[in-house]
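To start, the structure itself, in structure tokens.
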Amino acid sequence: MLVGVELLTGIGLATAAGLNAYIPLLVIGLLGRYTDLIELPKSWVWLENGWVILILIVLLAIEFVADKIPAVDSVNDVVQTLVRPTAGGLAFAAGSGSETLMVQNPSDLFTKDLWVPIVIGLLIALTVHGAKATARPVANVATVGLAAPVVSTAEDVTSTGLSLTAIIVPILVIVFVVVMIWLFVRWRRKRRERKQAALVYQAHR
């Protein structure tokens with residue numbers, strides 16, 4: 001099996017963790033425990049444990065509420081600076097080392113040297129988290145906090161969809177990631193244009 005498929009699965013799950021730390025881990029645990037869509041390797045089978053799943057559900061519930069309250073969401077992003085990258089590393093390693101519908105024999109790269117996928121996933125999730133943490137305060141200020149629940153819900157939906165896609169149809173992860181990068185670059189460009197317009201306006205007052 002080509003390494004590329006496992007890589008896409010890992011990238012998708014780590015990216016999802018950058019948006020919400022607990023959703024991809026919960027998706028992996030639930031699908032591993034109750035379906036045949038993913039078979040976790042022995043080193044990651046603990047994610048299917050009922051107590052682990054329950055803890056993830058509780059943490060997700062707390063995150064779900066905190067991330068939708070203006071100001072609190074920014075504090076939550078600071079706390080999650082350690083949590084999301086860590087979750088991304090775990091999700092990347094667990095997902096890329098598992099057998100799925102598309103992967104019957106995971107590459108040794110992702111099953112033996114566990115530090116490799118963990119580090120890759122950590123860096124991916126940290127990058128996505130950084131973009132999210134940068135954009136959220138700006139959106140809150142621009143909309144007087146009204147954007148917080150809307151944006152947070154969109155992130156949760158994206159994280160869930162991306163997690164499922166990474167496991168079931170990993171090739172579509174490419175589309176998800178490209179669209180997310182395009183949206184972020186577009187947002188940065190528009191923000192820069194608004195700043196320049198504001199400076200020009202102030203200079204001519």
Just checking, which of 134, 111 is modelled with pLDDT under 95, over 18 Å from residue 14 (Cα atoms) and among the hydroxyl-bearing types (Ser, Thr, Tyr)?
-> 134
Candidate set from the stretch 67-92 (those that are touching a helix residue (DSSP H, G or I) at 6+ places or on another chain (Cβ under 7 Å), at pLDDT below 90 and part of a helix (DSSP H, G or I)); member that is surrounded by the most Cβ atoms within 10 Å (Cβ to Cβ) | 73
Within the group 94, 66, which residue is touching a residue at least 24 places away in the same chain (Cβ under 8 Å) and hydrophobic (A, V, I, L, M, F, W, C)?
-> 94
Restricting the stretch 1-54 to residues that are more than 26 Å from residue 184 (Cβ to Cβ) and among the small types (Gly, Ala, Ser), the residue that is nearest to the chain's Cα centre (by Cα) | 29
Please name all residue pairs, on different chains or six or more residues apart, with Cβ atoms under 8 Å, provided the first residue is in the stretch 174-194 and is in a helix (DSSP H, G or I) and the second residue is loosely packed, with under 12 Cβ neighbours inside 10 Å and at pLDDT below 80.
-> none
Qualifying residues in the stretch 93-108 (those that are at pLDDT 65 or above and in a helix (DSSP H, G or I)) - the one nearest to residue 37 (Cα to Cα) = 95
Mind checking whether some residue in the stretch 31-52 is assigned to a helix (DSSP H, G or I), touching a residue at least 24 places away in the same chain (Cβ under 8 Å) and under 16 Å from residue 168 (Cβ atoms)?
-> yes
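The values are calculated or read from the model by the stated rules, or taken from the named source; none is laboratory data. None of these values were measured; they are calculated from a predicted model. Because the Cβ atoms are built from the backbone with ideal geometry, glycine has one as well, and the counts that use them run over all protein chains shown.
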